[in-house]
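Quick note: the coordinates plus some simple rules give every number you see, no bench work behind them. Predicted model only: the values in this text are computed from it and were never measured. Positions of Cβ are generated from backbone atoms using ideal geometry, with glycine treated the same way; all protein chains shown enter the neighbour counts.
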Amino acid sequence: MSDKTTMHQPLDEVPPPAVAPLDPRLLIREEGFKGYLTEFKRKLKGGELGSLPVILALVIIWTIFQLKDSLFLSSANMVNICYFMAGTGMLAVGLVFVLLLGEIDLSVASVSGLASAVFASLSVTHGLNSWLAVVLTVLTGIAIGAIHGFFFAKIGVPAFVVTLAGFLGWTGLMQWLLRGTGSLTIQDKGLLHVLGQRSFFMNQSIAGAYVLATLGVAALLIGSLIDQGRRRSAGVPFRPTSEILVRTVALAIVAYTAAYVLNKSAGVPNALVIFLATLVVCDFVLRRTTFGRKVFAVGGSIEAARRAGINVAMIRIQVFAISGGFAAIGGLFLAGQTYTATLQAGTGNLLMLAIAAAVIGGTSLFGGRGNVWSALLGMLVIQSIQTGLDLLNMDQSIQYMITGAVLLAAVVVDSVSRRTQRSSGRA
Amino acid sequence: MSATPVLALRGVSKRFGAVQALTDVELEVHAGEVVALVGDNGAGKSTLVKTIAGVHPVDEGVIEWEGRPVHINRPQDAQGLGIATVYQDLALCDNLDVVGNLYLGRELLRYGSLDEVTMEKRSRELLNTLSIRIPSVRIPIASLSGGQRQVVAIARALIGDPKVVILDEPTAALGVEQTAQVLDLVERLRERRLGVILISHNMADVTAVADTVHVLRLGKNNGAFPVKGTTNEQIIAAITGATDNAVTRRLARNAEATQ
């Protein structure tokens, strides 16, 4: 029997393909959908976990809270999560840029608090046009970030010290702006109206959420097909149609489910729409522009970036300015939640939540690896925990401990996956 | 070989404080010529390369490019002329893929955004013409072996269409097969009519691919030899200064005296 098998084996053997001989140890993705699966498995083994841990965490968190409180997965609560994650999420987006450089910005929460005070004092105390005040506030954030970047890039002070000083200093400036009154009430108009809790996309119309979902799915499908076509005609490897379809269907399931759930309540909060649009723009900037390429290069190797003619100091200043700008925008979002600028703005665990969101979402603390979508995924986790614990009437002390544990877990995953990648020659 | 050298150094000197790193150094590189630059540690090889690459401007002497004198004060000046340098530490970004590294700092754009397709296509063409074998142009540099990184670094130098390529110890950290690949690549650069300056400690490598060997000793020229008709011993003698002994000095003095 065994002899017979041996005899037949040569016949079953596939003749070697007539291509240039390649080192058999090389890791090349096979053609077609099967190659996609094997590549996925190999990436998992090599420690390139991508978004997998965070999606797993999200499923576990949602299951636990749903078992504890059946209201957790209700439409109203999901709208809540989506609305409240946008503000901190904006801070996290800015942090993703800084983390890609392998640096940290500890001032974002403080700058966001200052931004709400600046906006309130411009628009309320000085009676400035609301939209103009928004622009000036964001410019203030950008200028503050650029100052941090200057001290870091040009003077050579470690970034965490500069931004720690900023953390204290800008909190002080905020308190000075709000001296006497302690808080200012912001009018419900202009951008702040759009950012309010009762502001929904297309005025709560049922169609709104589906329009957004369709836009997203169509953009992915058309974009992928155009890219495939260009690659095919240029003769370089392209994504197989099967893979494009799987990705599109996966996004469609997520998008339309989300639209359905949110529509059962009031629809998509405008704050979330702005947050998502920001993510799309930032993703484009990081992956498809020379600026984004330079950010990744500086995060990967400063020396290589410098030799390639990249102005490293300028990139650092720009990235910190972006972080400051997003901190200011996030501050406006957070102010829009309550229509007040208070002394408490930007205090508490806001900074830790923003950093945690970026890291939990999969952006490495060690620089050079990550994407802005990690701000969305990470914020979903963070905000789910916050909202869930609020639902269960948990004390703030418990919230702090759980969020701390989740942050630690995320950093552990980041460190371990980095080590695994190095041992399998991928970092 | 063309009459005018692409790159020529005439009496180049360089001082760092009290240290005279280079004294009256002469060097000529023609198109399609591989010039090996050899010398002991501290002989001034790296300093010489850095003056050509624009890292250190020269103190005295002239650098001629295609026959006319030029000033190279910054790395960008050298790049602008068409001098590409591959340093010993390859300076590649581990997190970027091969295409990203090849085009880093001179990305191709299409409607203002990165033209990944064309960059990938040209990268594959370039690597193919150089017979460079790597698994995929879309895997991060971190996944490549030392030899593969070296050839990627050299290929990267070719993206800007240079006329002179400087290779600083390209085979120092490589195994036998990888060294062979890099030396093959050097020959292909010569076939493309590029001038190549090859710095190496390894005599076997030098004699395998170089046309001319320039020896530096204590910051001065200590002989230029055509590889054909020169023995390794002669070159090593020039490197170590074994030619500089009591007998040769007496000969030189006697020659001066008779003049």
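Okay, here's what the table says:
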{"quantity": "Kirkwood-Stokes translational diffusion coefficient of the range A:259-353, alpha-carbon pairs, 20 °C, 1.002 mPa s, µm²/s", "calculated": "132"}
{"quantity": "Relative contact order, percent, chain A [alpha-carbon distance under 8 Å, six or more residues apart]", "calculated": "33"}
{"quantity": "Footprinting exposure proxy for B:L218, A:L100 (fewest neighbouring C-beta atoms within 10 Å first)", "calculated": "B:L218, A:L100"}
{"quantity": "Relative compactness, the range B:91-161, computed as alpha-carbon Rg over 2.2 N^0.38 Å", "calculated": "1.02"}
{"quantity": "Fraction of antiparallel bridges per DSSP, chain B only, in percent to nearest 5", "calculated": "55"}
{"quantity": "Residue among A:V246, A:V98, A:V135 with the largest mean-square fluctuation in a Gaussian network model of chain A, springs linking Cα atoms under 10 Å", "calculated": "A:V246"}
{"quantity": "Of A:K45/A:K264; B:K45/B:K228; A:K68/A:K189; A:K41/A:K68; A:K154/B:K50; A:K41/A:K264, those spanning more than 30 Å from alpha-carbon to alpha-carbon", "calculated": "A:K45/A:K264; A:K68/A:K189; A:K41/A:K68; A:K41/A:K264"}
{"quantity": "Dipole axis of chain A (+1 Lys, Arg; -1 Asp, Glu on Cβ), positive-most option in A:G292, A:S70, A:F167", "calculated": "A:G292"}
{"quantity": "Estimated distance in nm for a label pair at A:Q187 and A:D69, the labels positioned 7 Å out from Cα along Cα-to-Cβ", "calculated": "3.7"}
{"quantity": "Sorted by Cβ density within 10 Å, fewest first, the residues A:K43, A:K154", "calculated": "A:K154, A:K43"}
{"quantity": "The protein assembly as shown, dipole about Cα centre (Lys/Arg Cβ +1, Asp/Glu Cβ -1), debye to the nearest 20", "calculated": "620"}
{"quantity": "Spread of Cα-to-Cα distances over 5 Å intervals beginning at zero, given as percent, for the range B:190-259", "calculated": "3, 14, 22, 21, 15, 11, 7, 4, 3, 1"}
{"quantity": "For A:287-295, mean number of other protein chain Cβ atoms within 10 Å", "calculated": "4"}
{"quantity": "Where only alpha carbons of chain B are counted, the Rg and the Dmax (Å)", "calculated": "19.8, 75"}
{"quantity": "Unit charges at the beta carbon, dipole of the range A:202-268: most positive-side option, A:I226, A:Y256, A:G267", "calculated": "A:I226"}
{"quantity": "The range A:36-148 shape via C-alpha gyration tensor axes, a/c threshold 1.5", "calculated": "oblate"}
{"quantity": "Ascending count of other beta-carbon atoms within 10 Å, so fewest first, for A:T387, B:T47", "calculated": "A:T387, B:T47"}
{"quantity": "Mean Cα-pair separation over length for the range B:91-161, i.e. relative contact order, pairs under 8 Å, 6 or more apart, %", "calculated": "46"}
{"quantity": "GNM result for chain A, Cα springs below 10 Å: residue of A:L164, A:L212, A:L37 fluctuating most strongly", "calculated": "A:L37"}
{"quantity": "Per principal axis, descending, Cα span of the range B:1-154 in whole Å", "calculated": "48, 32, 32"}
{"quantity": "Cα gyration tensor shape for the range A:97-162, rounded if a/c is under 1.5, else prolate or oblate", "calculated": "prolate"}
{"quantity": "Simple label model, 7 Å out from Cα along Cβ direction - A:R422 to B:N202, nm", "calculated": "2.8"}
{"quantity": "Label-point separation in nm, A:R179 to B:R188, each point 7 Å along Cα→Cβ", "calculated": "7.0"}
{"quantity": "Cα-based shape type of the range A:290-427, given that a ≥ b ≥ c are square roots of the gyration tensor eigenvalues and the cut on a/c is 1.5", "calculated": "oblate"}
{"quantity": "Mean ellipticity per residue at 222 nm, deg cm²/dmol - from DSSP H runs of n ≥ 4 across chain A, formula -39500 (n - 2.57)", "calculated": "-23500 deg cm²/dmol"}
{"quantity": "Viscosity 0.890 mPa s, temperature 25 °C, Stokes-Einstein D of the protein assembly as shown from Kirkwood C-alpha radius, µm²/s", "calculated": "85"}
{"quantity": "Point-charge dipole on Cβ atoms (K/R +1, D/E -1) for chain B, about Cα centre, debye to 20", "calculated": "180"}
{"quantity": "Top of B:L114, B:L144, B:L92 by mean-square fluctuation, Gaussian network on chain B, Cα under 10 Å", "calculated": "B:L114"}
{"quantity": "For the range A:202-268, fraction of C-alpha pairs farther apart than 18 Å, in %", "calculated": "46"}
{"quantity": "Where a label projected 7 Å from the Cα of A:N203 along Cα→Cβ would reach, residues of the range A:259-274 with amide N under 18 Å", "calculated": "A:266-271"}
{"quantity": "Contact order relative to length of the range A:202-268, as percent, for alpha carbon pairs under 8 angstrom and 6 or more apart", "calculated": "53"}
